[in-house]
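Novice: My questions will all concern the structure given below.
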Amino acid sequence: MVKMANKTEEIWATGRRKCAVARVRIKPGTGKIVINGKALDKYFPTESISGYIYQPLSVTDAQGKFDITANITGGGPAGQAGALRHGVARALVKYDESLRSVLKNCGMLTRDARVKERKKSGQPGARKRFQFSKR
């Protein structure tokens with residue numbers, strides 16, 4: 001007889017922003033947030049970025065009700081924070097579909113598709129051109 005693992009109230013979701021991808025798991029708990037094995041205040045030391053991450057929880061009055069575990073890869077601090085925010089919002093909708101309208105009106109379910117434009121050959125950057133010389 002094969003023994004099955006106990007099913008937990010864990011919900012998975014993926015958030016993306018720029019080049020960053022956040023795989024987010026939420027489960028009912030005390031409000032602990034762990035990112036790549038570190039606490040939130042250690043991983044994102046600035047107040048503004050951590051406030052950005054708490055937005056989906058504060059809008060839905062879910063602060064302190066869920067334990068969040070996330071694995072984030074790629075991008076920088078701002079992109080990673082945006083990916084985590086997107087992932088948390090999507091996980092909350094999976095947990096309770098009635099939160100969808102609140103999060104959608106606040107723009108937290110929309111994937112921010114702005115990414116860095118690639119550099120073109122024969123130019124110093126994406127848009128910048130070398131100085132034109134007539135002669």
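Quick note: the coordinates plus some simple rules give every number you see, no bench work behind them. Quick caveat, the model's predicted, so the values are computed rather than measured. Glycine gets a Cβ as well: all are built from the backbone with ideal geometry, and neighbour counts include every protein chain shown.
Novice: List ARG135, ARG127, ARG25, ARG90 from most exposed to least, where exposure is judged by having the fewest other Cβ atoms within 10 Å.
Specialist: Placing the least packed residue first, the sequence is ARG135, ARG127, ARG25, ARG90.
Novice: Could you work out [θ]222 nm for the chain from helices alone, using -39500 (n - 2.57) per DSSP H run of at least four and dividing by all its residues? Round to the nearest 500 deg cm²/dmol.
Specialist: About -9500 deg cm²/dmol.
Novice: What list of ³J(HN,Hα) values in whole Hz, one per residue of the range 124-134 in order, does the Karplus curve 6.51 cos²θ - 1.76 cosθ + 1.60 (θ = phi - 60°) give from phi, with Gly and Pro shown as x?
Specialist: In residue order, the calculated couplings are x, x, 6, 10, 5, 10, 5, 4, 6, 10, 6 Hz.
Novice: Take every Cα pair under 8 Å in the range 54-135 that's 6+ residues apart, average their separations, divide by the length, and report that relative contact order as a whole percent.
Specialist: 23
Novice: While we're on this one: Compute the acute angle (0 to 90°) between the alpha-carbon long axis of helix 77-95 and the principal axis of greatest extent of the alpha-carbon atoms of the chain; round to the nearest 10°.
Specialist: So the helix axis and the longest Cα principal axis differ by about 40 degrees.
Novice: Strictly over 29 Å apart at the Cα level, which of LYS18/LYS128; LYS38/LYS120; LYS65/LYS116; LYS38/LYS65; LYS94/LYS120; LYS18/LYS42 would you flag in this model? Intermediate results must be reported in sequence, preceding the final value.
Specialist: Details: LYS18/LYS128 21 Å; LYS38/LYS120 38 Å; LYS65/LYS116 36 Å; LYS38/LYS65 19 Å; LYS94/LYS120 41 Å; LYS18/LYS42 22 Å.
From LYS18/LYS128; LYS38/LYS120; LYS65/LYS116; LYS38/LYS65; LYS94/LYS120; LYS18/LYS42, over 29 Å: LYS38/LYS120; LYS65/LYS116; LYS94/LYS120.
Novice: Most exposed first by the Cβ proxy, i.e. fewest other Cβ within 10 Å, how do SER133, SER101 rank?
Specialist: SER133, SER101
Novice: For an R0 of 41 angstrom, estimate the FRET efficiency from the Cβ-Cβ distance between LYS42 and GLN131 and round to the nearest 0.05.
Specialist: It comes out at approximately 0.30.
Novice: Among (i) 15.6, 47; (ii) 19.7, 74; (iii) 19.3, 85, find the value of Rg and Dmax of the Cα atoms in Å that was calculated from the structure presented, and write down its label.
Specialist: Here the calculated entry is (iii).
Novice: Taking the Cα centre of the chain as the origin and placing charges on Cβ (Lys, Arg +1; Asp, Glu -1), which of PHE130, THR46, GLY31 is farthest toward the positive end of the dipole?
Specialist: Toward the positive end, the furthest listed residue is PHE130.
Novice: Taking the Cα centre of the range 18-91 as origin, sum charge times position over the Cβ atoms of Lys and Arg (+1) and Asp and Glu (-1), and report the length of that vector in debye to the nearest 20. Numbers along the way, then the final one.
Specialist: Values: 10 positive and 4 negative charges, 56 e Å.
So the magnitude is around 260 debye.
Novice: Given +1 on the Cβ of Lys and Arg, -1 on the Cβ of Asp and Glu, and no further charges, what dipole in debye does the range 83-135 carry about its Cα centre, rounded to the nearest 20?
Specialist: For the range 83-135, the charge dipole is close to 760 debye.
Novice: Here's something else I'd like to know. Considering amide H positions built from the backbone, and no H for Pro or chain starts, which residues 5 or more places from VAL34, or on another chain, come under 5 Å of its amide H?
Specialist: Correct list: ILE68, THR69, ALA70.
Novice: Once the other residues with Cβ under 15 Å from the Cβ of LEU40 are scored (Lys, Arg +1; Asp, Glu -1), what is the net sum?
Specialist: Here the count lands on +2.
Novice: From the residues SER101, VAL115, LEU84, which one has its Cα farthest along the dipole of the range 84-135 in the positive direction, the dipole being from +1 and -1 charges on Cβ of Lys/Arg and Asp/Glu about the Cα centre?
Specialist: VAL115
Novice: Would you work out the charge dipole size for the chain about its Cα centre, treating the Cβ of every Lys and Arg as +1 and the Cβ of every Asp and Glu as -1, and quote it to the nearest 20 debye?
Specialist: Once rounded to the nearest 20, the dipole reads 1280 debye.
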